[in-house]
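Read the structure below first, then the notes.
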Amino acid sequence: MTEYSVAVLEGDGIGPEITAEAVRVLERIGEQAGVRFDLRYAPFGGAAWFETGSAFPEATQAVCDGADAILKGPIGLGTEASKQIPPEEQPERGGLLPMRRRYNTFANFRPVYLPPELAHFSPLKPDRVEGGLDIIIIRELVGGLYFGAKEKGFTDHGLRYVNETLSYNEHEIRSILVVAFEEAMKRRRLLHSVHKSNVLMSSVLWNDIVDEVAKDYPEVEVRHVIVDAAATAMILNPRQFDVMVMENMFGDILSDLAGGILGSLGLMPSACIGTEKSYYEPSHGSAPDIAGKGIANPYSMIGSVALMLEKSFNMPGEAQRVWDAMRKVFGAGITTADLRDPEGRCTVLTTREFGDKVLETLG
Ligand code: NAD
């Protein structure tokens with residue numbers, strides 16, 4: 001029997017609730033496909049810090065090092081709770097960014113998918129999303145402002161200051177662009193490159209590399225769009241987009257905007273692909289406002305399992321079955337509280353009940 005080991009990091013807030021449903025789906029798929037998933041749980045994030053004094057403890061690093069892939073729940077604390085932890089050791093700076101660096105997970109895939117029958121979940125006017133949406137945001141994940149040198153101190157005049165650096169080299173830019181062009185080749189052969197070359201020199205270099213890489217993909221139509229205009233265009237006419245590629249911070253922000261277009265961040269799974277190891281996580285955070293209530297939407301986490309099946313375990317058929325099952329559940333008028341339909345057309349279920357329905361549909 002084929003066996004894969006999966007590090008399971010449940011994370012904070014709604015993390016354990018939605019991870020439980022994702023794991024049930026993974027196990028069901030394993031039973032049906034004759035694959036054993038050896039699940040290795042380890043603490044990560046705020047919970048890990050309170051337990052061990054580190055958001056990414058050495059024991060968790062060892063579990064992740066030894067796993068074929070990592071399934072990670074959202075991490076993070078509310079603003080007030082965060083103050084109990086020194087800034088450098090807080091879940092993102094002390095756990096998430098070090099994990100991305102450790103496994104060089106440079107390519108973040110964020111599908112923005114809304115099939116036609118679910119278009120009513122979008123807060124946009126129906127004509128904007130008619131026919132549904134199917135966009136892939138590809139975000140560079142281990143460079144730019146989030147990873148650049150940082151310093152803080154006092155000016156000569158005694159004022160507190162910080163200095164954060166936005167740094168990219170051509171190898172880093174080329175690597176993510178190649179991923180994006182390859183993805184465009186598998187789809188509509190249309191690539192929107194998002195940048196800010198009117199202000200940022202890093203975007204000028206980005207555009208130079210776009211031109212160089214584009215020579216290897218003559219079939220792909222490249223459209224340039226400045227990041228602020230991209231935010232407007234995604235609201236006014238999201239259907240024009242297919243594959244979008246951008247640097248780290250732009251991707252962080254625009255993918256949350258995309259979650260708003262879908263109707264909830266709970267519909268945003270993601271894959272963080274590294275040179276040797278990849279991890280899978282929802283695009284959203286730990287949602288402290290609804291944690292512990294059992295009402296979070298597990299789609300983002302179950303979708304992350306689907307991405308793991310496809311990208312780490314070469315099981316695209318099984319991945320498709322997971323997507324289809326969730327689509328069928330929503331299509332039957334079932335949803336979670338975040339997507340409540342103002343006209344009351346949907347039956348609102350808890351996180352666990354939604355997971356039950358997905359399992360029933362998988363058979
Ligand atoms: P958030 O993404 O946690 O929540 C934003 C809104 O979306 C909230 O109203 C929340 O209830 C809702 N939401 C998110 N996921 C949902 C789901 N699956 N089902 C239903 N509703 C959902 O953003 P935030 O509140 O700004 O951040 C909370 C914490 O998460 C912070 O500590 C932040 O740093 C952290 N964070 C972590 C990650 C990560 O682990 N990769 C990403 C983003 C934010």
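The values are calculated or read from the model by the stated rules, or taken from the named source; none is laboratory data. These numbers come from a predicted model, not from an experiment. Neighbour counts are summed over all protein chains in view; Cβ atoms, including those assigned to glycine, are modelled from backbone coordinates with ideal geometry. Just the protein is used for accessible areas: all its heavy atoms, side chains included, with ligands, DNA and RNA removed. Shrake-Rupley method; radii C 1.70, N 1.55, O 1.52, S 1.80 Å.
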Check your understanding: Taking the range 98-127, which residues are surrounded by 15 or more Cβ atoms within 10 Å (Cβ to Cβ), modelled with pLDDT under 95 and in a helix (DSSP H, G or I)?
Key -> Leu118, Ala119, His120, Phe121
Practice item. For the range 87-102, indicate whether the set of residues that are within 16 Å of the ligand (Cβ to nearest atom) and in contact with a Pro (Cβ under 8 Å, 6 or more places away or on another chain) is non-empty. Key: yes
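Scanning the range 219-268 for residues that are within 16 Å of the ligand (Cβ to nearest atom) and of a type in the set (Asp, Glu), which turns out farthest from Ser175 (Cα to Cα)? Write out each step before concluding.
Here is the first cut: in the range 219-268, the residues within 16 Å of the ligand (Cβ to nearest atom) are 248-268.
From what's left, of a type in the set (Asp, Glu): 252, 256.
On the way: Asp252: 18, Asp256: 23 Å.
Once the filter is applied, the top-ranked residue is Asp256.
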Point to revise | Single condition Leu307 does not satisfy, out of (1) within 15 Å of the ligand (Cβ to nearest atom); (2) open to solvent by 20 Å² or more (accessible area, probe 1.4 Å); (3) modelled with pLDDT of 95 or more | key: (2)
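Among strands (runs of 3 or more DSSP E) lying entirely in the range 215-311, which contain 1 or more residues that are in contact with a Phe, Trp or Tyr (Cβ under 6 Å, 6 or more places away or on another chain) and at negative phi?
Working: elements: 221-226, 243-246, 271-273.
Strands (runs of 3 or more DSSP E) meeting the threshold: 271-273.
Can you tell me which residue within the range 128-139, out of those that are open to solvent by less than 40 Å² (accessible area, probe 1.4 Å) and away from the ligand (no atom under 15 Å from the Cβ), is nearest to Phe44 (Cα to Cα)? Even if it seems obvious, please write down each step before you answer.
Taking the range 128-139 and keeping what is open to solvent by less than 40 Å² (accessible area, probe 1.4 Å), we get 129, 132-133, 135-139.
Filter again for away from the ligand (no atom under 15 Å from the Cβ), leaving 129, 132-133, 135-136, 138.
Details: Val129: 37, Gly132: 36, Leu133: 33, Ile135: 30, Ile136: 27, Ile138: 25 Å.
Top of the filtered list is Ile138.
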Revision key, fill the gap. Scanning the range 147-169 residue by residue, the ones that are in contact (Cβ under 8 Å) with a residue 60 or more places away in the chain and either under 28 Å from Trp323 (Cα atoms) or touching a strand residue (DSSP E or B) at 6+ places or on another chain (Cβ under 9 Å) (or both) total 1
**Study point:** Condition met for Ala271 (open to solvent by less than 10 Å² (accessible area, probe 1.4 Å), among the hydrophobic types (A, V, I, L, M, F, W, C) and away from the ligand (no atom under 16 Å from the Cβ))
**Key:** no
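Have a look at Ala20, Ala59 and point out the one that is modelled with pLDDT of 95 or more, hydrophobic (A, V, I, L, M, F, W, C), surrounded by fewer than 24 Cβ atoms within 10 Å (Cβ to Cβ) and over 23 Å from the mean Cα position of the chain (by Cα). I'd like the intermediate steps shown before the answer.
Values: Ala20 fails: over 23 Å from the mean Cα position of the chain (by Cα).
So the residue among Ala20, Ala59 that is modelled with pLDDT of 95 or more, hydrophobic (A, V, I, L, M, F, W, C), surrounded by fewer than 24 Cβ atoms within 10 Å (Cβ to Cβ) and over 23 Å from the mean Cα position of the chain (by Cα) is Ala59.
Would you confirm, using the coordinates I've provided, whether Val23 is under 20 Å from Gly294 (Cβ atoms), in contact with a strand residue (DSSP E or B) (Cβ under 9 Å, 6 or more places away or on another chain) and part of a strand (DSSP E or B)? Show your work before the answer.
Numbers: under 20 Å from Gly294 (Cβ atoms): yes; in contact with a strand residue (DSSP E or B) (Cβ under 9 Å, 6 or more places away or on another chain): yes; part of a strand (DSSP E or B): no.
The answer is no for Val23.
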Check your understanding: Filtering the range 35-50 down to residues that are out of contact with any strand residue (DSSP E or B) (no Cβ under 7 Å at 6 or more places or on another chain) and in a loop (DSSP other than H, G, I, E, B), which residue is farthest from Glu318 (Cα to Cα)?
Key -> Gly45
Check your understanding: Does Leu71 satisfy being modelled with pLDDT of 95 or more, open to solvent by less than 60 Å² (accessible area, probe 1.4 Å), closer than 24 Å to Glu21 by Cα and not hydroxyl-bearing (Ser, Thr, Tyr)?
Key -> yes
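How many of the residues making up the range 312-329 are open to solvent by 10 Å² or more (accessible area, probe 1.4 Å) and either at negative phi or not in a loop (DSSP other than H, G, I, E, B) (or both)?
Of the residues in the range 312-329, 11 are open to solvent by 10 Å² or more (accessible area, probe 1.4 Å) and either at negative phi or not in a loop (DSSP other than H, G, I, E, B) (or both).
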